[in-house]
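The numbers here are math on the coordinates, done by the rules we state, and not lab data. None of these values were measured; they are calculated from a predicted model. Please note: Cβ atoms are built from the backbone with ideal geometry, for glycine as well, and neighbour counts cover all protein chains shown.
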Amino acid sequence: MDVTNIPQTPDTLAALWKIQKIIFNTLDFEQVVQKIVDSIAIELDFLKLGYRIIVLALVDEKEGVMKRISMSQTPAAEATMGAGKMTFDQIVIPLTAENNLCIRSYKDKEPKVVLDWKDILTPPMTEEEARRLQTISGVKNSIVFPVLDGELCIGVMIFSLEKDVSEMSEDEKNLIQSFTDIVSLAIHDANLYSNLKSTSKKLDEANKKLKELDKLKDEFVSLASHELRTPMTAVKSYTWLVLNNKSGEITPKTREHLEKVYNSTERLIHLVNEMLDISRIEGGRVQLKLEALDLVQLAREVKDEFAPRASEQNLVMEIETDGKISPAAGDRDKIHQVLVNLVGNSFKFTQSGGRVSISVRLKDNMVEVGIEDTGIGIAKEDQERIFQKFGRVEGSLVISKIGGTGLGLYLSKQYIEMHGGKIWFESEPGKGSTFTFSLPLYTGN
Amino acid sequence: MDENLKKRILIIEDDEYLRDLYMEILTAEGFMVDQAVDGEEGYQAVTRGGYDLVLLDIMLPKKDGIAILRDLAQNPPEGKNKVIVVLSNLGQESVIAEAVKLGARGYMIKSEMTPEQTVNEVKRYLAEST
């Protein structure tokens, strides 16, 4: 806006300032366009310059028309519209109507003086109707100003006077021009805002739908997992009965085969459980039950659980700790699940004669639990993907050694981070891996 | 074994194979076992009462396990049952909490148990109740 052209009287400056304020206080498009015409009318009335009606009309490029957007709520305007055969928003002018001075002003980007309303209201009105309304309104002349948004003309403002245009001073014309400049700014911002608002509304709706879908997905996963577990329980249980000679003696080969059936069923059940856990985590439906958790004690329990496997696989299991370890703030079931998962991985990848040790230490006001093994380690190229969903290690030899689902580490990471802790690893292929997680100390809150 | 002969257990389970499984492993231990194939049949049996242990599934045709527990809590049967334990594959914490609130003594997830573990748990619950 070129401020140097504004008439430098306190009143006109105040009027401009007030109108600018509207722009900053109102962002909704509908409100802005109404406030613009009303405040300009009020300000002009205050300046006693003899303005009766102020109209804002904007171009709709898509439809190729200029539409009346807002009209000042002045007595003359209301009387005129009350007498008219058309409603305000029916006054739509095609951009091809080159004789209409609104369209001319828009195309030439110049103000136009209107002596006869037929020049701004036809089409769509008839000449007679236009003149009849002009008489009712008491308007002598109108002046049409283009509303410019930079180089682009977006519409016009129509100022209708009870006086002759020749009675308008240069200062007055400049003031009107300044109003029109502010208008384009206001419309620009309000348009952006309204677009933003409608986009944000659409996003809200989409988000709501996604939440509903997520709930359905969660219900589906819950029910599906139940439905899947039932036949898997039957397979597991009957296989167990046969393996335990409840249906008579079986041959060593049958036993070998049925052990594979049994282990595979266990893996399936485990997979279903993990998928259910992930669905709950991702749906934000997991709530931790924090307690003062003695991690040394928990490590001992896990060691006991793995004792049969340790002797079966000929692995040494140890617990390392220095001194007394303060309790961590942890959900017992979840941390137990993480420990079982990490120790289970170590067991999978450590050959006979190896070692798996759990260390519990205090470091930087956190309890750190490390699970170290002398296993095959993780190849450099696989290290990045290790905590990803199904991001399990792939490699020519490694893949055949891996059971599991590739969900365990992802789940562990989610659980540890929910506690405000961290999980990481160090690994050297051929020498072994150490997975470490940290948990905050229990403070009683 | 002799003690077991006097113990009455009710299984409310809609899956035929699992019903057969629990019948088989529990009768092998010498228990007297009744079975119900859906929620309504189960509720009728349980209101007649007199069981030392009821193994109750949650997702059932006609009447679910939670509704059975709720009705029992509101209208306790005359011939009371000693212990009701949920044996289900529905593992949601909220469902478990609801069942326990409504009077279930314990909650077992079927798929997590071997037949041996199920039998041991049944014995443990029965020992607790005597």
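Cross-linked pairs A:Lys260/A:Lys334; B:Lys7/B:Lys82; A:Lys67/A:Lys118: Cα-Cα separations exceed 18 Å for A:Lys260/A:Lys334.
Considering only Cα atoms, the convex hull volume of chain A works out to 271 Å³ per residue.
Modelled this way, with points 7 Å down the Cα-to-C-beta line, the labels at B:Lys101 and A:Lys289 are 1.4 nm from one another. Each of B:Leu126, B:Leu18 was scored by other Cβ atoms within 10 Å of its Cβ. Listed from fewest to most, they are B:Leu126, B:Leu18. Pull out a ≥ b ≥ c, the square roots of the eigenvalues of the alpha-carbon gyration tensor of the stretch A:315-359, then state rounded if a/c is under 1.5, prolate if not and a/b is larger than b/c, and oblate in the remaining case. Oblate is the answer for the stretch A:315-359, as a/c is 1.5 or above yet b/c matches or exceeds a/b. Computed about the Cα centre, the dipole magnitude for the stretch A:140-264 is approximately 1620 debye when only Lys and Arg (+1) and Asp and Glu (-1) carry charge, each at its Cβ. Which Cα, out of A:Ala83, A:Gln134, A:Phe159, lies furthest along the positive dipole direction of the stretch A:80-186 (beta carbon charges, K/R +1, D/E -1)? Result: A:Ala83. For the stretch A:213-352, the square roots a ≥ b ≥ c of the C-alpha gyration tensor eigenvalues yield an a/c of 1.5 or more together with a/b not exceeding b/c, which makes the shape oblate.
Hey, with R₀ at 41 Å, roughly what FRET efficiency would A:Gln73 and A:Glu282 work out to, going by the Cβ-Cβ distance, to 0.05?
With a Förster radius of 41 Å, E is 0.15.
Among A:Lys422, A:Lys215, A:Lys260, the residue with the largest mean-square fluctuation in a Gaussian network model of chain A, with springs joining Cα atoms closer than 10 Å, is A:Lys260.
Shown is the FRET efficiency for A:Gln297 and A:Thr199, computed with R0 = 60 Å from the Cβ-Cβ distance and rounded to the nearest 0.05: 0.65. Taking 0.36 nm per residue of sequence separation and removing the Cα-Cα distance, the A:Glu428/A:Glu256 pair yields an extension gain of 58.5 nm. Summing charges over all other residues whose Cβ lies under 9 Å from the Cβ of A:Gln414, with Lys and Arg as +1 and Asp and Glu as -1, gives -2. Of the GluC sites (Glu not before Pro) found in the stretch A:244-337, the ones in coil according to DSSP and having at most 11 other Cβ atoms within 10 Å of their Cβ are A:Glu249. Since only B:Met32, B:Leu53, B:Ala73 are under comparison, the one whose Cα sits farthest along the positive direction of the charge dipole of the stretch B:2-125, derived from C-beta charges on Lys, Arg, Asp and Glu, is B:Ala73.
Comparing B:Ile66, B:Ile109, B:Ile96 in a Gaussian network model of chain B (Cα springs below 10 Å), the most mobile by mean-square fluctuation is B:Ile109.
Pairs from the list A:Lys201/A:Lys413; A:Lys303/B:Lys123; A:Lys253/A:Lys380; A:Lys324/B:Lys101; A:Lys253/A:Lys303 with a Cα-Cα gap above 30 Å: A:Lys201/A:Lys413; A:Lys253/A:Lys380; A:Lys324/B:Lys101; A:Lys253/A:Lys303.
One chain, two ends: A:Leu216 and A:Asn99. Fully extended at 0.36 nm per residue, the span grows by 36.1 nm beyond their Cα-Cα distance. Distance from the alpha carbon centroid of the stretch A:48-77 to that of the stretch B:85-121 works out to 73 angstrom. Per-residue mean of foreign Cβ neighbours for B:12-25 is 3 (Cβ atoms of other chains, 10 Å radius).
Of the trypsin sites (Lys or Arg not before Pro) in the stretch B:5-84, which ones lie in a loop per DSSP and count no more than 14 other C-beta atoms within 10 Å?
In loop regions of the stretch B:5-84 (DSSP not H, G, I, E or B), the sparsely surrounded trypsin sites (Lys or Arg not before Pro) are B:Lys6, B:Lys62, B:Lys80.
Where only DSSP H runs of four or more residues are counted, chain A gives -17000 deg cm²/dmol as its mean residue ellipticity at 222 nm, each run worth -39500 (n - 2.57). Taking +1 at the Cβ of each Lys and Arg and -1 at the Cβ of each Asp and Glu, which of B:Val85, B:Gly106, A:Ile250 sits farthest along the dipole of the protein assembly as shown towards its positive end, judged by Cα position relative to the Cα centre? Selected residue: A:Ile250. Based on DSSP H segments of at least four residues, each scored -39500 (n - 2.57), chain B has a per-residue ellipticity at 222 nm of -13500 deg cm²/dmol. Taking every alpha-carbon pair under 8 Å whose residues sit at least 6 apart, chain A reaches a relative contact order of 11 percent.
Here the ratio of the Cα radius of gyration of the stretch A:211-282 to 2.2 N^0.38 Å is 1.45. Mean partner shielding of peptide B:84-94, defined as the number of other chain Cβ atoms within 10 Å of each residue Cβ, is 4.
Could you put A:Glu368, A:Glu381 in order, starting from the residue whose Cβ has the fewest other Cβ atoms within 10 Å?
Final ranking by Cβ density, sparse to dense: A:Glu381, A:Glu368.
First measure r as the distance between the Cβ atoms of A:His188 and A:Asp116, then evaluate 1/(1 + (r/R0)^6) with R0 = 30 Å and state the FRET efficiency to the nearest 0.05. Rounded to the nearest 0.05, the efficiency is 0.40. With a 10 Å cut-off between alpha carbons and a GNM built on chain A, which of A:Thr74, A:Thr251, A:Thr350 moves the most? Fluctuation is largest for A:Thr251.
Each of A:His257, A:His226, A:His336 was scored by other Cβ atoms within 10 Å of its Cβ. Listed from fewest to most, they are A:His257, A:His336, A:His226. Under the shape rule built on the C-alpha gyration tensor, where the axes satisfy a ≥ b ≥ c, the stretch B:17-95 is oblate, since a/c reaches at least 1.5 while a/b does not exceed b/c. Think of each Lys and Arg Cβ as +1 and each Asp and Glu Cβ as -1; about the Cα centre, that makes the dipole of the protein assembly as shown roughly 680 debye.
For the stretch B:2-125, with only Lys/Arg (+1) and Asp/Glu (-1) charged at the beta-carbon, what is the dipole magnitude about the Cα centre, in debye rounded to 20?
Details: 15 positive and 23 negative charges, 120 e Å.
In total the dipole reaches around 580 debye.
Here the spin labels are modelled as points 7 Å beyond Cα on the Cα-Cβ line, and at A:Asn263 and A:Glu170 they lie 9.9 nm apart.
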